[in-house]
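What follows is a short report on a single structure.
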Amino acid sequence: METPAPQWPSPDAVTVMRDDAAQREQAVIDAIATAAGAGTPQAVVIAEIEGAAAPQRLEALGGLYIAYPDSSPTPVASAVPTDVVAAVTAARDGHLADALVAQDADLASLLTAAGLSHALSSWFAIWVDDQVAGETQPVVEERLLSTPVIPEPSLLPAEGSTTDEETLSELGLAHDQARYAYEVLAARAAEDEREQWLARRALQDARAQSLVDLPGVEDQRAAVYVLSPEQSGDSAQRVATAIEIENRLGAAYAALAATAGAGEKPWLLGAAFDAYAQAAAFGEPTDSPYPVPALPGIESVGSD
């Protein structure tokens, strides 16, 4: 009776956050397994995408922690997730919320990338569902990241941004190169296709201008850039070129978001989301050519 109570080791905040993130990814995997391919078209598409991506994210997080691996508890029925869309939404918001407060840089990067990937799969599933149902939505538009974690989404840095001027200058140049590429694609196309390229050209031009107009940002834009004839030869080549342009921009912004501080992550995530979503919208309304990797900005599986 005089023996003091044992001091059991307790996990630190980083471990708890990692375990919570792994649980969210496991919840997505369990929901997909429980649904077994059933549900609305939106749920089926998101399950196809997440079925490949969620296990990769779970592995990157170190797997699911099991306190008593030798025990075999029977799960309570209510604890078994069945709503794939809800599980992905919870993972998106949980990952992004933790990414904005995580003290461990590596974990913050993983959560940033994972949250962005979930946000994009959620959007794309709705996009495919609408396309299959005949809903008329513009292929080209600026798309804002939708999550309650970031109540005021933006594609540009806020006043007082700490993103360095050199990085902003390089981003301005990248958008201007995209602007030129779309001009070439439009010159080689006709009718609706031409209007599509011109619409995205205008958005890229405006983004480049906004970035180089920021204080201290060098304007590296040029009048002409290199675009090979094979990149704009026929309609299929032009679409492939446009997808490559947007994926490259998405990957650049995602890489910056993964390592950025909490104040810069929102706008960088927003810009990455817009580019990746545009690339997906240029493709066919099916999960087969889905261009977003499981951890955008960290690895590139599925982006080519």
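Descriptive notes on the structure:
- Here the simple spin-label model places points 7 Å from the Cα toward Cβ, and for ARG194 and ALA206 these points are separated by 2.2 nm.
- Label point at GLU135 placed 7 Å out along Cα→Cβ; residues across the range 22-63 whose backbone nitrogen lies under 17 Å: 40-47
- Computed from point charges on the beta carbon alone (+1 for Lys and Arg, -1 for Asp and Glu), the dipole magnitude for the chain about its Cα centre is near 220 Debye.
- Solvent exposure of the chain as accessible area per residue, Å², 1.4 Å probe: 50
- The ASP219 and ASP104 beta-carbon pair, evaluated with R₀ = 45 Å, returns a calculated FRET efficiency of approximately 0.75.
- Where chymotrypsin sites (Phe, Trp or Tyr not before Pro) fall in DSSP loop in the range 144-227, at most 15 other Cβ within 10 Å: TYR225
- A Gaussian network model of the chain, with springs between Cα atoms under 10 Å, assigns the largest mean-square fluctuation among SER232, SER288, SER122 to SER288.
- VAL14-ASP234 FRET efficiency (beta carbon distance; Förster radius 35 Å; 0.05 resolution): 0.10
- The GNM of the chain, with springs linking C-alpha atoms under 10 angstrom apart, assigns the highest mean-square fluctuation among LEU107, LEU61, LEU227 to LEU227.
- Distance histogram in 10 Å bins (all Cα pairs of the chain, percent per bin): 6, 26, 31, 21, 10, 4, 1, 1, 0
- Of the complete DSSP H runs in the chain, those spanning 27 angstrom or more by Cα along the long axis with a mean Kyte-Doolittle score not below 0.5 are 105-132.
- When the chain is treated as a GNM with alpha-carbon contacts under 10 Å, the residue of THR34, THR136, THR89 showing the greatest mean-square fluctuation is THR136.
- Here the spin labels are modelled as points 7 Å beyond Cα on the Cα-Cβ line, and at VAL226 and TYR65 they lie 5.1 nm apart.
- Atom-type composition of the exposed protein surface of the chain places 55 percent of the accessible area on carbon and sulfur (1.4 angstrom probe).
- Rounded if a/c under 1.5, otherwise prolate or oblate - the range 160-223, Cα gyration tensor axes: prolate
- For the range 170-304, the Cα-based Rg and Dmax, in that order, read 15.0, 44 Å.
- FRET efficiency for ALA52 and SER146, using Cβ-Cβ distance with R0 set to 30 Å, rounded to 0.05: 0.85
The values are calculated or read from the model by the stated rules, or taken from the named source; none is laboratory data. These figures come from a predicted structure and were not determined experimentally. Glycine also receives a Cβ, built like all others from the backbone with ideal geometry; neighbour counts cover every protein chain displayed. Calculation scope for accessible area: heavy atoms of the full protein, side chains included, ligands and nucleic acids excluded. Shrake-Rupley method; radii C 1.70, N 1.55, O 1.52, S 1.80 Å.
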